[in-house]
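Step one of this worksheet: look at the structure below.
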Amino acid sequence: MIQSMTGFGRCVRQLSDKAITVEIKSLNSKSLDLNLRLPSYYREKELTLRNIVQQLLERGKVDLTVFIENLGSTTPAELNENIVNQYIAQMRKIVDGDKTELLKMAVRMPDALQTRKEEAEAVEWEEVEIAVREAIKQLIDFRASEGKVLFDEFQLRIVNIQSLLEKIPTFENERVEMVKDRLRKAIDALKETIDENRFEQELIYYLEKYDIAEEKLRLSNHLSYFLENLKSADSNGKKLGFITQELGREINTIGSKANHAGMQQLVVQMKDELEKLKEQLLNAL
């Protein structure tokens, strides 16, 4: 079944001292264009996450963000006691001040605070990976839901084009008479006597030149082929795009051969339906 490339997913996993939030969103793109935003200590896991996304998502401009929120009382910054005591001792050589006041000044000095480097623990990483997969699953479900809307839209446009195609024969007899009448008037303007057999031959030539039987048949076949692929189990937006190109080619050929105002109007309406179809196909996976 057809899927949209537009989607969103979000998952929150809770640890004893941390909350892990993963958000993923996607828009249309010809290929998989992945942008990752991770905490610095997860950079070594970036390739693993990319592989997970590539296995589960085929196409789209994808943004994946992982947030880690500390919920415990611990802090990554610690007081460097040795450095602070040295600062206080040096300042006491200069001024005999209150120790509390000296401490306030000492903690502002360089290297008074040291930051612990956070490292990804195995348990935490397992939760991150679970959250990523769950967020992607939600994204895929979202895409499938949006795909149902696209399915109805595509089917409507194809049915409309088919309906317009079925109206073309109503103008074909009139078109033959118009071609015949124009030829007769052109000959009369020359004020020449012509052989009726030669006239019929010329008429047949022009009618064959403007014949659209093959184009109508091919267009009808392409419309049926589009619906067949639309209802297939897989989402194949690219293939539907190729079929749409063939639809446009046949509609344009019919338009160039129409030589009839009523038929041209039908062709314009078919082109309008086709453009609406192409616009929505950009979002199809």
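Using R0 = 25 Å, the C-beta based FRET efficiency linking residue 14 and residue 238 works out to 0.05. Estimated from the Cβ-Cβ distance and a Förster radius of 41 angstrom, the FRET efficiency linking residue 156 and residue 55 is about 0.75. On full extension, the segment bounded by residue 224 and residue 125 gains 30.7 nm, given 0.36 nm per residue less the C-alpha separation. Could you name the lysines in cross-link range of residue 61, using Cα to Cα under 18 Å and dropping any fewer than eight places away on the same chain? Qualifying lysines at Cα under 18 Å: 25, 30, 137, 238.
Available extension along the chain between residue 167 and residue 181 is 2.7 nm, counting 0.36 nm per residue and deducting the alpha carbon span. Cα axis of helix 169-190 to longest principal axis of the chain: angle in degrees, 0 to 90, nearest 10? With rounding to tens, the tilt is 50 degrees. Only aspartates and glutamates eight or more places from residue 257 in sequence, or on another chain, were considered; those with a Cα closer than 16 Å are 172, 174, 177, 208, 211, 214, 215. Legend: translational diffusion of the chain by Stokes-Einstein, Rh = Kirkwood radius over C-alpha pairs, 20 °C, 1.002 mPa s; D = 84 µm²/s.
Of the peptides 81-88, 227-234, the ranking by mean beta-carbon count within 10 Å, highest at the top, reads 81-88, 227-234. Straight-line cross-link partners of residue 271 among the aspartates and glutamates, defined as a Cα under 13 Å from its Cα and at least 8 positions apart when in the same chain: 246, 250, 279. Between the helical axis of 46-56 and the longest alpha-carbon principal axis of the chain there is an angle of about 30 degrees.
Laboratory data are not the source of any read-out in this text; all were calculated from the coordinates shown. Computed from a predicted model, the values in this text were never measured in an experiment. Using ideal geometry, Cβ is built from the backbone for each residue, glycine included, and neighbour counts are taken over all protein chains shown.
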